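Written out below as structure tokens is the structure these notes cover.
What follows draws every value from the coordinates through simple rules; no lab data is involved. All values reported here derive from a predicted model rather than from experimental measurement. Every residue, glycine among them, receives a Cβ derived from its backbone with ideal geometry; neighbour counts consider all protein chains shown.
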Amino acid sequence: MDLEFYDDDHRLDAAHTALVKKLVAFCGEQLDLAADTEMSITMVSDEEIRRINREYRDTDRVTDVISFAIEDGEDQLPDVPGLPQNIGDLFIDADKVALQAEDYGHSFDRELGYTVVHGFLHLNGYDHIQPEDEAVMIPLQEKILDAYGLTR
């Protein structure tokens, strides 16, 4: 995986940044993605994720992660040999992740991992809106987290 990681305000410490990068690489292996598959993660504030959510999702609230899949549905780009696939961009609010970890009674590492894997799966076409889709996505998410060692 070729991950572009942006955390200009240092919302994560070095250990958590390393966790995110290793987990993304692990997710790519679990889904058998090409090694040159590209994506980005940007760490943002409550205010920034709320702005993004309002502007692009028409929802005026803070959330933990927003995903923008680049090659989604009918808008997929043709498969060009030698051209890496860019799966999209994640925006993650570390403050919201910390709050959810406290609310759910587990570690920040587990909640951060959950958020990263959840967003990663969205970038790869998984969803949980319909019950039949949720029945695929959520067990896969848990399988990846457990295999990585981020259990509840």
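A full extension of the chain between residue 99 and residue 6 corresponds to an added length of 31.4 nm, given 0.36 nm per residue minus the alpha carbon distance. Estimated from helices alone, the mean residue ellipticity of the chain at 222 nm is -16000 deg cm²/dmol (sum of -39500 (n - 2.57) over DSSP H runs with n ≥ 4, per residue). Stretching residue 14 away from residue 133 to a fully extended chain increases their span by 39.4 nm, per 0.36 nm per residue minus the current alpha-carbon distance. Neighbour counts of C-beta atoms inside 10 Å place 96, 21, 143 in the sequence 143, 21, 96, starting with the fewest. The residue 35 and residue 60 beta-carbon pair, evaluated with R₀ = 41 Å, returns a calculated FRET efficiency of approximately 0.55. Just for the chain, what percent of DSSP beta bridges are antiparallel, to the closest 5? Antiparallel bridges: around 30 percent, rounded to the nearest 5.
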